[in-house]
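**Q** Before I ask anything, here is the structure I am working with.
The values are calculated or read from the model by the stated rules, or taken from the named source; none is laboratory data. Not measured: the values here are computed from a predicted model. Positions of Cβ are backbone-derived with ideal geometry, glycine not excepted, and every protein chain shown enters the neighbour counts. Accessible surface areas use protein heavy atoms only, side chains included; no ligands, DNA or RNA. Shrake-Rupley method; radii C 1.70, N 1.55, O 1.52, S 1.80 Å.
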Amino acid sequence: MKAIVVTDEAAGTAGMKLVERPEPKAASNDVVVQVHASGFTPGELTWPGTWTDRLGRDRTPSIPGHEVAGVVSALGYGTRGLSVGQRVFGLADWTRDGTLAEYVAVEARNLAPLPGDIDFTVGASLPISGLTAWQGLFVHGRFQAGQSVLVHGSAGGVGSMVTQLAREAGAYVIGTGRAADRQTALDFGAQEFVDLDNDSLEDVGGVDLVFDVIGGDIGKRSAGLVRAGGMLVTIAGPPEAQPAEGLAIDFVVEADRAQLGEIVQRVRDGRLRTNIGNVAALDDAVAAFNPTERIKGKTIIRVRP
Ligand SMILES: NC(=O)c1ccc[n+]([C@@H]2O[C@H](COP(=O)([O-])OP(=O)(O)OC[C@H]3O[C@@H](n4cnc5c(N)ncnc54)[C@H](OP(=O)(O)O)[C@@H]3O)[C@@H](O)[C@H]2O)c1
């Protein structure tokens, strides 16, 4: 099969290569998915699981990409819940070969059925950003209707999902990002926007929940904005400051079939819009991940036309 591989962390996306690799086999509780569309997050080249297996052994050249939409082509021994020929989408395992390939082996529990009226390209754009937003707001953030939410990077992959889900659930949403992202953030449903390069973050005053995708100085200063009893939820690594009278939590997204179902249902009925900036073929994936100009939104690789 055709696949994109990486061998060198320092080379980043410029080190990606299109090669021929053997098709994966389904282990116990796995399915093999014939990949129709794949999502890749640039940050994954810094994750240890991209380079080693669970025991820390080198597994390069490895296939990146952890979001998938496709069709089940084989089942491993004992695999339940999914069947051959079924349309699925979800998260590929962190420490195994990923989805920038014609086939991928994934634990069945990490996938959910993809309804027939949802395009594979859309399906592949949802798992990481959708699940991260859902879990940060409703599981870790314990969001309640009527609360105010400050969403950093609200025009980006995760932030645009957080903004939409929070609004639907009854939040007052203040988005942040670069000056050029203002209209995009407002279009996704933010009621106010803070341009982090030119406005003062501190002018926001107090909020019930901060959803931080940026970290560093922005994360530190955000801790001071959390009201008593509120939460700073971050996906950008351990928080460098704690809210005085609230909680800070960092987490890593996990696969969840029921949550994927909630997310895709919202896309079907128009409550949730995905944030795709570019779609490219597998043959053009290396160029697509090394763009010469800034792409707004996610790059999705359409593996089967
Ligand atoms: N822990 C987890 O489970 C988890 C899950 C998903 C993602 N992540 C991580 O979360 C981060 C965000 O992911 P994403 O997919 O949402 O990325 P993304 O689509 O690039 O969105 C990030 C947004 O924040 C903006 N931004 C970043 N730094 C900024 C700054 N200093 N000032 C103003 N705006 C800034 C970006 O603008 P520019 O594009 O102009 O920089 C972009 O609009 C990544 O680092 C990713 O690896 C973690």
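**Q** For a quick check of your reading: which helices (runs of 4 or more DSSP H) sit entirely within the stretch 193-296 and have at least 1 residues that are closer than 22 Å to Leu91 by Cα and out of contact with any helix residue (DSSP H, G or I) (no Cβ under 7 Å at 6 or more places or on another chain)?
**A** Qualifying helices (runs of 4 or more DSSP H): 257-268, 285-288.
**Q** Something else now. Among the helices (runs of 4 or more DSSP H) confined wholly to the stretch 100-191, which include 2 or more residues that are in contact with an Asp or Glu (Cβ under 8 Å, 6 or more places away or on another chain)?
**A** 120-125, 127-134
**Q** Could you identify the single residue in Pro238, Pro243 that is over 15 Å from the mean Cα position of the chain (by Cα), open to solvent by 40 Å² or more (accessible area, probe 1.4 Å) and of a type outside the set (Val, Ile, Thr)?
**A** Exactly one of Pro238, Pro243 is over 15 Å from the mean Cα position of the chain (by Cα), open to solvent by 40 Å² or more (accessible area, probe 1.4 Å) and of a type outside the set (Val, Ile, Thr), namely Pro238.
**Q** Consider the stretch 55-66. How many of its residues are out of contact with any Lys or Arg (no Cβ under 9 Å at 6 or more places or on another chain) and either under 10 Å from Ala92 (Cβ atoms) or not in a strand (DSSP E or B) (or both)?
**A** So the count comes out to 7.
**Q** Within the stretch 204-225, track down each residue that is more than 11 Å from the ligand (Cβ to nearest atom), of a type outside the set (Gly, Ala, Ser) and either at pLDDT below 95 or in contact with a strand residue (DSSP E or B) (Cβ under 7 Å, 6 or more places away or on another chain) (or both).
**A** Val204, Val207, Asp208, Leu209, Val210, Leu225
**Q** I'd like to verify a number: residues in the stretch 1-23 that are assigned to a helix (DSSP H, G or I) and within 16 Å of the ligand (Cβ to nearest atom), how many?
**A** Qualifying residue count for the region: 3.
**Q** Another one. Of these, Ala26, Ala69, Ala37, Ala74, which one is assigned to a strand (DSSP E or B), more than 26 Å from Lys298 (Cβ to Cβ) and out of contact with any Cys (no Cβ under 7 Å at 6 or more places or on another chain)?
**A** When all the criteria are applied, what remains is Ala74.
**Q** Mind telling me which of the residues Val194, Val162 ends up being within 20 Å of Ala236 (Cβ to Cβ) and in contact with a Phe, Trp or Tyr (Cβ under 7 Å, 6 or more places away or on another chain)?
**A** Val162
**Q** Cβ-Cβ under 7 Å, sequence separation 6+ or interchain: first residue in the stretch 180-197 and in the same structural domain as Met161 (by TED's automatic domain parsing), partner more than 11 Å from the ligand (Cβ to nearest atom) and modelled with pLDDT under 95. Which pairs?
**A** Val194/Val204
**Q** Let me ask another. With the requirement that a residue be of a type in the set (D, E, K, R) and surrounded by fewer than 15 Cβ atoms within 10 Å (Cβ to Cβ), what does the stretch 1-52 give you?
**A** Matches in the stretch 1-52: Asp8, Glu9, Lys17, Glu20, Lys25.
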